[in-house]
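A short write-up of the structure that comes next.
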Amino acid sequence: MKTRFSRRHFVGGAAAAVGALGLRPDSALAALRLPPPPPGVVPADPYDDLAKLASNENPHGPSEKMWASMDLARKYANRYGYPDGDIHEKIAEHHGMGTDNIIMNAGSGETLRVAGIAFLGHEEKVVGVEPTYTSVYRVASGIDADVIARPLLPDHTQDIDDLVRVTKRNYRDVGLVYVVNPNNPTGVIVPDEDIRHLLDNIPEDIPVLIDEAYHHFIRDPRYSSAVKYIKEGRKVLVTRTFSKIYGMAGLRLGYGIAPEEMIDQMRTYATGSVNALARWGAAAALEDPEYEKWIRDTTIALRDATMTELRGQGFEVIPSECNFFMVHTGRPASEVRAEFRRRDVAVGRDFPPMLDYLRVSIGTEDEMKRFMTAWNEIFPDGMTTTGRR
Ligand SMILES: Cc1ncc(COP(=O)(O)O)c(C=O)c1O
C-alpha cells in the first residue's frame, strides 16, 4: 500500500525537517526522498543505541514465563473488570500477610507518593537522610510539609542515632520517618539491628516507611527485611517494586505492606491504576525464582567485576548491595557524565551533596564493557588524572 502525500503536506514536512535538523534550505540531503522501509525493518532508534546506566533498571526485562503470562492477558486489555492472576493474594501470601495489609500501585513511586500524602499533614515533617531517593521529599514540598534531611556519615552509612535524636526533638511535628534500605544512590544497607534500634527508640505512633526497592540484590547477612516488624504490630510501611529484579519498570507495579489501618489511610489517595498486563506479569514473576536468581547473580557478577577494575585503577568505589554503585570521580560528576554522554553512555544524575561521585547502574555485559571503555578514555591515567582527595 502506497502512502500518498498532498503537495502541501510534503512541502511543509520537508521545511520542518530542514529546520529541525539545522540543514541549509538547499541541502541535497534534506531534499532526498527515500522509499519507506519494507515491513519488518526496525528503524534505527537513538534510544536503543544508548548504554542505559542512569536509572537502575533491569536491562533484561521480564522473563519468558512473565511474557507468556502477559500474552495470555492480552484479552483483558479492553476490560475494566477481569481475572487478574490473583496478584494481590499472591503478594500477600509471598510475605505471609493478609490482603488487607497490601496496597498495590503503578510502581512503588506511587506508593511513596500516596504514603507522603496520607501521613504528612500541612507543615508536618518527614525525617530521613540526604542523599536518598527523593520522591517522598518532593511530595512533602508539594503539600507544604517540611523535610528534615540529615547528612550521611563519612562512611556513607545512614546515621540512625541522629535520625532518632532529630525525630524525638521534633516529635510533635514528625509525620513520617523515611529510610531507604539499601540507600539509593549509595547502595549501602542499614543493618537490621539499626532498624530495630530506630523503631525501639522513636515514639511508637510515628509511622516509619522503609523503602526496600533493591531488597533482592542484597547478600550482606546483616540486612533483613523490615516486614517482620509489621508482624510485630509496629507502625511500619515497607515498599517493594517489580521494576528492579523483575524488569517491569515500564509496566509499572509496586506495592506497600503495612498494618491494616495504615493501608486504609493510604487507600483514600491511591488510584488503583495497575494495568492488566502488569498484574499478570507480576503474578508469573513471583513463580519464577530461577529467573530472579539469574538476574541477581548476573547483576552482582558484573557489578563486582566493574568495581574491582575501577578500584584497581585507584578509584574509591562505595561498597554496594544494589544493581548500581557509586564511584568517586574526584571532579564534578556532571562533567564526567557529559563526557560519557558524548560516547553514548548515560550514567546517573547529580546527587547533592555528593557532587564528585558518579552513580552507575548495572546494564548488560556489553553495556558494562562500553562503560569501561569510555571510562578508560575519560580517565586515561587512572586516579592520577583526577587528583586524589
Ligand atoms: C529507592 C527507590 N524507591 C522507589 C523507586 C521507584 O520505583 P518504581 O516506581 O519503578 O517502583 C526507585 C526507583 O528507582 C528507587 O530507587
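The values are calculated or read from the model by the stated rules, or taken from the named source; none is laboratory data. Treat the numbers as computed from the prediction; the structure is a model and nothing was measured. Every residue, glycine among them, receives a Cβ derived from its backbone with ideal geometry; neighbour counts consider all protein chains shown.
With at positive phi and touching a Lys or Arg at 6+ places or on another chain (Cβ under 9 Å) as the only criterion, which of Gly254, Gly247, Gly187, Gly233 stands out? Let's see the steps before the verdict.
Numbers: Gly254 fails: at positive phi; Gly247 fails: touching a Lys or Arg at 6+ places or on another chain (Cβ under 9 Å); Gly233 fails: touching a Lys or Arg at 6+ places or on another chain (Cβ under 9 Å).
Of the residues listed, the single one that is at positive phi and touching a Lys or Arg at 6+ places or on another chain (Cβ under 9 Å) is Gly187.
Run Val18 past the list (1) surrounded by 10 or more Cβ atoms within 10 Å (Cβ to Cβ); (2) modelled with pLDDT of 75 or more and report the number of the one that doesn't hold.
Tallying (1) surrounded by 10 or more Cβ atoms within 10 Å (Cβ to Cβ); (2) modelled with pLDDT of 75 or more, Val18 fails exactly one: (2).
Anything in the range 318-350 that is among the polar types (S, T, N, Q) and closer than 20 Å to Asp366 by Cβ? List them, or say none.
If the condition is that a residue be among the polar types (S, T, N, Q) and closer than 20 Å to Asp366 by Cβ, then Asn323 is the only one that fits.
Each row is one residue, and each column tells you yes or no for (1) among the small types (Gly, Ala, Ser); (2) more than 22 Å from Lys125 (Cα to Cα); (3) in the same structural domain as Asn101 (by TED's automatic domain parsing).
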| site | (1), (2), (3) |
| --- | --- |
| Ile195 | no, no, yes |
| Leu198 | no, no, yes |
| Glu232 | no, yes, yes |
| Val238 | no, no, yes |
| Ala249 | yes, yes, yes |
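When you look at Glu57, is it at pLDDT 95 or above, of a type in the set (D, E, K, R), closer than 30 Å to Asp366 by Cα and within 19 Å of the chain's Cα centre (by Cα), yes or no? Can you show your working first?
On the way: at pLDDT 95 or above: yes; of a type in the set (D, E, K, R): yes; closer than 30 Å to Asp366 by Cα: yes; within 19 Å of the chain's Cα centre (by Cα): yes.
Here the answer is yes, as Glu57 does meet what is asked.
Which count do you get for residues in the range 240-277 that are crowded, with 24+ Cβ neighbours inside 10 Å and either part of a helix (DSSP H, G or I) or more than 20 Å from the chain's Cα centre (by Cα) (or both)?
1
Looking at the range 232-266 only, could you name the residues that are more than 16 Å from the ligand (Cβ to nearest atom) and of a type in the set (Lys, Arg)?
Arg234, Lys235, listed by residue number.
Leu32 - would you say it is more than 26 Å from the chain's Cα centre (by Cα), touching a residue at least 60 places away in the same chain (Cβ under 8 Å) and over 30 Å from Val360 (Cα atoms)?
Judged against the criteria, Leu32 is not a match.
Starting from residues that are free of Cβ contacts under 8 Å to residues at least 40 places away in the same chain and out of contact with any Asp or Glu (no Cβ under 9 Å at 6 or more places or on another chain), keep the ones in the range 173-193 and report whichever is nearest to Phe351 (Cα to Cα).
Only one residue fits best here, namely Val190.
The conditions are (1) assigned by TED's automatic domain parsing to the domain that holds Val166; (2) touching a residue at least 24 places away in the same chain (Cβ under 8 Å); (3) of a type in the set (S, T, N, Q), and Ser141 fails exactly one of them. Which is it?
That leaves (2) as the condition not met.
Filter the range 53-73 down to residues that are within 18 Å of Arg296 (Cα to Cα) and outside any loop (DSSP other than H, G, I, E, B), then give me how many there are. Full working, then the answer.
Just the residues of the range 53-73 that are within 18 Å of Arg296 (Cα to Cα), to begin with: 53, 55-66.
Now narrow it down to the ones that are outside any loop (DSSP other than H, G, I, E, B): 53, 64-66.
So the count comes out to 4.
Restricting to the range 338-383, name every residue that is in contact with a strand residue (DSSP E or B) (Cβ under 8 Å, 6 or more places away or on another chain), farther than 19 Å from Asp48 by Cα and surrounded by fewer than 19 Cβ atoms within 10 Å (Cβ to Cβ).
Across the range 338-383, the qualifying residues are Arg349, Pro352, Pro353, Asp356.
If a residue counts only when it is buried (at least 16 other Cβ atoms within 10 Å of the Cβ) and within 16 Å of the ligand (Cβ to nearest atom), which helices (runs of 4 or more DSSP H) contained entirely in the range 99-214 have at least 1 such residues? Outline the logic, then answer.
Values: elements: 108-119, 135-142, 160-169, 192-201.
It comes to 108-119, 135-142, 192-201.
State all residues of the range 74-98 that are in a loop (DSSP other than H, G, I, E, B) and touching a residue at least 60 places away in the same chain (Cβ under 8 Å); if no residue qualifies, say none.
Ala77, Arg79, Tyr82, Asp84, Gly85, Asp86, His95, Gly96, Met97, Gly98 - these are the residues of the range 74-98 that are in a loop (DSSP other than H, G, I, E, B) and touching a residue at least 60 places away in the same chain (Cβ under 8 Å).
With Arg343, Arg279, Arg311 as the choices, which residue is charged (D, E, K, R) and assigned by TED's automatic domain parsing to the domain that holds Met248?
Just one listed residue meets the conditions, Arg279.
So which of Tyr269, Tyr229, Tyr291 is in contact with a helix residue (DSSP H, G or I) (Cβ under 9 Å, 6 or more places away or on another chain), free of Cβ contacts under 8 Å to residues at least 60 places away in the same chain and more than 14 Å from the ligand (Cβ to nearest atom)?
On inspection, the qualifying residue turns out to be Tyr229.
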